1. Go through the stretch 1-51 and count every residue that is surrounded by fewer than 10 Cβ atoms within 10 Å (Cβ to Cβ) and polar (S, T, N, Q).
2. Among Thr42, Thr38, which is in a helix (DSSP H, G or I) and not basic (Lys, Arg)?
3. Does Pro78 satisfy being loosely packed, with under 13 Cβ neighbours inside 10 Å and closer than 25 Å to Leu20 by Cα?
4. Within the stretch 61-75, work out how many residues are buried (at least 17 other Cβ atoms within 10 Å of the Cβ) and more than 14 Å from Ala47 (Cα to Cα).
5. Checking Pro77 against (1) out of contact with any Asp or Glu (no Cβ under 8 Å at 6 or more places or on another chain); (2) in a loop (DSSP other than H, G, I, E, B); (3) touching a residue at least 40 places away in the same chain (Cβ under 8 Å), which test does it fail?
6. Which residues, taken from the stretch 45-71, are over 21 Å from Ser6 (Cβ atoms), of a type in the set (A, V, I, L, M, F, W, C) and assigned to a strand (DSSP E or B)?
7. Please go through the stretch 43-76 and pick out each residue that is among the hydroxyl-bearing types (Ser, Thr, Tyr) and at pLDDT 95 or above.
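The values are calculated or read from the model by the stated rules, or taken from the named source; none is laboratory data. Because the structure is predicted, anything quoted here is derived from the model rather than measured. We place every Cβ from the backbone using ideal geometry, glycine too, and count neighbours over all the protein chains shown.
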Amino acid sequence: MCRDESRVLVTCDLDFANPLVFDPRLMAGIAVLRLPSTPGPTDVAAAIGSLLQALELHPISGALWVVRPDRVRVWTPPPDDQGR
């Protein structure tokens with residue numbers, strides 16, 4: 001549904017952190033929140049805060065972001081190989 005509506009997918013499901021299975025180039029972006037095994041409201045708020053700060057600085061479109069409360073790791077896929 002996110003792809004159909006051009007919305008960024010924000011999830012805690014680590015399966016979406018695999019760009020070979022879920023190609024972020026086909027999406028408006030994927031943000032996977034990495035939280036402790038038993039997260040509290042403070043953990044979730046810190047991760048969302050990191051995500052919002054990163055969004056102010058960089059576009060997420062077509063990229064995979066792994067968001068932790070203290071940092072954001074950005075994976076941008078290589079451009080499609082047009083020669084194949």
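1. 3
2. Working: Thr38 fails: in a helix (DSSP H, G or I).
It is Thr42.
3. Working: loosely packed, with under 13 Cβ neighbours inside 10 Å: yes; closer than 25 Å to Leu20 by Cα: yes.
Yes, satisfied.
4. Looking only at that region, the number is 2.
5. (1)
6. Val66
7. Of all residues in the stretch 43-76, those among the hydroxyl-bearing types (Ser, Thr, Tyr) come to 50, 61, 76.
The one that is among the hydroxyl-bearing types (Ser, Thr, Tyr) and at pLDDT 95 or above: Ser50.
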